[in-house]
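*Asks:* Once you've had a glance at the structure underneath, I'll fire off some questions.
The values are calculated or read from the model by the stated rules, or taken from the named source; none is laboratory data. Computed from a predicted structure; not experimentally measured. Every residue, glycine among them, receives a Cβ derived from its backbone with ideal geometry; neighbour counts consider all protein chains shown.
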Amino acid sequence: MAGTTAEAITAVWRVESARLVGALTRMTRDLDLAEDLAQDALVSALERWPSDGIPDNPAAWLMTTAKRRAVDSFRRADTLRRKTEEIGHRLTEEDGVPDLTDQVDFIEDDVLRLIFLSCHPKLTPESRAALTLRLVGGLTTAEIARGFLSTEVAMGQRISRAKKTLGEAGADFELPVGEERAARLDDVMAVVYLIFNEGYTATAGDDWMRPELTTEAIRLARMLAELMPDEPEVHGLQALLELQASRGAARVDAAGRPVLLDVQDRNLWDELLIRRGLAALARAEALAGTGKPIGRYYLQAAIASRHARAATPEETDWPAIASLYDVLAQAAPGPVVEVNRAVAHGRASGPDAGLAVLDALPDGALAGSHLLPSVRGDLLARAGRHAEAAASFREAASLTRNESEQALLLGRADECAQLS
């Protein structure tokens, strides 16, 4: 029973922590205090629920406990008596679990404020990701550290510095408006995408994927889509992550080794994730039809949908994918897009077409990254230039820090060497 209760508390916390911290931040205007109060409520649940039983409304129980702690905290601090009077009249102190109807008009806005606060422009992308996972995802510092191959101490310091930076910057808990909101939304989506990509193909370590990060990124994307239902790019992001994640079970073999797209068992693709992804893409398309702008996430999701709809590799509509990459290159230009565009044109029009796209990249593009030589190796292999392909694969293997990916690239290099 204790184990079941602990699992229930963990599940409730993962879902409700963002709402709890967001509401407490709005009421106290103090992010550190809000997080401390929320953690205190969690500790109380861990102490009481195993013996008292799980409440009918666990989220309300946590909110009530945290609000009572907030009242007590303000009452104990003489210098904050004014705040006690200010918030005390709107915090109920009844013995039972309150209705919380006074929170209904605020609760989703609170989560949205928390997401935007976590992605403040004063923070680095890495700090935004860590703080988002902590405050919005409800992950522990240890979980975040494992996900990003860091120590718990180092990750705790990063999160503390991020919160200190927000305090020094005078970061406002209110939602940004106008151009600032549009810019910050891009940052929010970029952080969610960064978290997903780190889970989808880990930058370092033994494992090809880190499923806990992809799962959390999808949950954040779904939450963002619920909170901002009129933004097509938000639905595009959700669609992209759902469709990409649908291949998860097919991307590794029984030994955990990477399996490339062309040879994956598509029967292992998750049909539910595909349906959810296609539905989100349809919502983005419908909103785009009303004149709202679309961008890179929608376009990447549209590309992913062409793979999802192909029952076999041979049925993949590579010409359509290449055309979409051409549009993406105009909407979000950059070397990574060009490398992926080279793959698409290499499949649609032959390897020489793909190599031409790579040759047009400026000198030094993606220096230090394994992406460019690995794609060049694949295109050279398809062109029958096996010795050159082997050299490119070995170069790529020397640049990646992921051991599974390194083994895959060295294996391809050996195959090409045998054919040369």
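Yes/no matrix, rows are residues, columns are (1) in contact with a Lys or Arg (Cβ under 9 Å, 6 or more places away or on another chain); (2) exposed (fewer than 12 other Cβ atoms within 10 Å of the Cβ):
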position: Glu126; (1), (2): yes, no
position: Ala129; (1), (2): no, no
position: Gly147; (1), (2): yes, no
position: Glu152; (1), (2): yes, no
position: Ser160; (1), (2): no, no
position: Lys164; (1), (2): no, yes
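*Asks:* Can you pull out the residues in region 266-297 that are basic (Lys, Arg) and either assigned to a helix (DSSP H, G or I) or under 21 Å from the mean Cα position of the chain (by Cα) (or both)?
*Replies:* Arg266, Arg275, Arg276, Arg283, Arg296
*Asks:* While we're here: Among residues belonging to region 191-214 that are touching a residue at least 24 places away in the same chain (Cβ under 8 Å) and under 8 Å from the mean Cα position of the chain (by Cα), point out the one that is farthest from Gln244 (Cα to Cα).
*Replies:* Among them, the one singled out is Val191.
*Asks:* Just a yes or no: is a residue in region 251-265 free of Cβ contacts under 8 Å to residues at least 40 places away in the same chain and within 21 Å of the chain's Cα centre (by Cα)?
*Replies:* Taking every residue of region 251-265 in turn, none turns out to be free of Cβ contacts under 8 Å to residues at least 40 places away in the same chain and within 21 Å of the chain's Cα centre (by Cα).
*Asks:* If you don't mind, another one. Quick one: in region 164-217, of everything that is assigned to a helix (DSSP H, G or I) and of a type in the set (Val, Ile, Thr), which residue is nearest to Pro293 (Cα to Cα)?
*Replies:* So the first thing to find is which residues in region 164-217 are assigned to a helix (DSSP H, G or I), and the list is 164-168, 178-200, 211-217.
Filter once more, so that each one left must be of a type in the set (Val, Ile, Thr): 165, 188, 191-192, 195, 214-215.
Working: Thr165: 33, Val188: 17, Val191: 20, Val192: 20, Ile195: 24, Thr214: 26, Thr215: 27 Å.
If we take residues in region 164-217 being assigned to a helix (DSSP H, G or I) and of a type in the set (Val, Ile, Thr), then Val188 is nearest to Pro293 (Cα to Cα).
Yes/no matrix, rows are residues, columns are (1) modelled with pLDDT of 95 or more; (2) more than 19 Å from Ala245 (Cβ to Cβ); (3) surrounded by fewer than 17 Cβ atoms within 10 Å (Cβ to Cβ):
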residue	(1), (2), (3)
Gly291	no, yes, yes
Ala301	yes, no, no
Ser305	yes, no, no
Thr316	yes, no, no
Pro319	yes, yes, yes
Ser323	yes, yes, yes
Gln330	yes, yes, yes
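*Asks:* So which of Arg309, Arg266 ends up being surrounded by fewer than 17 Cβ atoms within 10 Å (Cβ to Cβ), more than 28 Å from Trp13 (Cα to Cα), at pLDDT 95 or above and out of contact with any Lys or Arg (no Cβ under 9 Å at 6 or more places or on another chain)? Lay out the reasoning, then the answer.
*Replies:* Values: Arg266 fails: out of contact with any Lys or Arg (no Cβ under 9 Å at 6 or more places or on another chain).
Criteria check complete, one pass: Arg309.
*Asks:* With the condition being touching an Asp or Glu at 6+ places or on another chain (Cβ under 6 Å), I'd like the helices (runs of 4 or more DSSP H) fully within region 1-79 carrying at least 1 qualifying residues. Outline the logic, then answer.
*Replies:* Numbers: elements: 2-28, 31-52, 58-76.
The helices (runs of 4 or more DSSP H) meeting that bar are 2-28, 58-76.
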